[in-house]
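Everything below concerns the one structure shown next.
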């Protein structure tokens, strides 16, 4: 339980730091940078998330992302579940053309590319100018609106442009069978109480995975809530080689 308090505290602090960090996660800045022939800090962050995904999957979503903390706070107003399913593919419909645009412009500017982690971020602060305040609060409004309309972590399910980097990294890690942070289950201890399902931040059918002996899921953010809530300690976070 103490570990979960630490996790929630980190998410809360990450949310408070969003004015400083938002442009490093911005979907707009890498496009603008690519058009200008600049590899921005956000592009570097996305590459890092992909590499991290190989080893720890979407754990950053569950432990460090400020917008995740914002959505968790929205649960006090709207705690409706958002079941993991086909609608989760919506984010790829957004992600593929967005990433293709970035790659295209970087390729077109390949002979004059610059790397500038602070590109378009005065002093590294996202909200140094009035237009940046507008962008900041528009993003906040979008995340809050989706959470209130659809439910718990709706943005993580439907529109997150960072999730695919970690998901694809995870799949590569599984393919290479590298040691990864993952949920590990002991099906023989399960009493089918479904408390893990109720605890899941992403509304995954964890119990079904336990019964199959494989709780791997692309929407899992490895938050550990199911581990903490399970009365029989069926689940744990541990290091195992990827499963193809």
Q.
Given (1) in a helix (DSSP H, G or I); (2) more than 21 Å from residue 95 (Cβ to Cβ); (3) in contact with a strand residue (DSSP E or B) (Cβ under 8 Å, 6 or more places away or on another chain), identify the lone condition not met by residue 170.
A. (2)
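Determine, yes or no, whether residue 221 is assigned by TED's automatic domain parsing to the domain that holds residue 91, touching a residue at least 60 places away in the same chain (Cβ under 8 Å) and within 30 Å of residue 19 (Cα to Cα).
So residue 221 does not fit the description; no.
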Q: Inspect all residues belonging to segment 27-48 and state whether any of them is in a loop (DSSP other than H, G, I, E, B), modelled with pLDDT under 95 and out of contact with any helix residue (DSSP H, G or I) (no Cβ under 7 Å at 6 or more places or on another chain).
A: yes
Q: From 222, 175, 181, grab the single residue that is outside any loop (DSSP other than H, G, I, E, B) and at pLDDT 95 or above.
A: 181
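Collect the residues in segment 184-200 that are out of contact with any strand residue (DSSP E or B) (no Cβ under 7 Å at 6 or more places or on another chain) and either assigned by TED's automatic domain parsing to the domain that holds residue 151 or not in a helix (DSSP H, G or I) (or both), keeping them in residue-number order. Show your work before the answer.
Initial filter on segment 184-200 (out of contact with any strand residue (DSSP E or B) (no Cβ under 7 Å at 6 or more places or on another chain)): 186-195, 197-200.
186, 190, 191, 192, 193, 194, 200 - these are the residues of segment 184-200 that are out of contact with any strand residue (DSSP E or B) (no Cβ under 7 Å at 6 or more places or on another chain) and either assigned by TED's automatic domain parsing to the domain that holds residue 151 or not in a helix (DSSP H, G or I) (or both).
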Q) Name the residues in segment 206-219 that are outside any loop (DSSP other than H, G, I, E, B) and touching a strand residue (DSSP E or B) at 6+ places or on another chain (Cβ under 6 Å), would you? A) 210
Q. Among the numbered criteria (1) buried (at least 19 other Cβ atoms within 10 Å of the Cβ); (2) assigned to a loop (DSSP other than H, G, I, E, B); (3) touching a helix residue (DSSP H, G or I) at 6+ places or on another chain (Cβ under 7 Å); (4) not assigned by TED's automatic domain parsing to the domain that holds residue 77, which single criterion is violated by residue 203?
A. (3)
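The values are calculated or read from the model by the stated rules, or taken from the named source; none is laboratory data. Remember, it's a predicted structure, so these values are computed and weren't measured experimentally. Neighbour counts run over all protein chains shown; Cβ positions are idealised from the backbone, glycine included.
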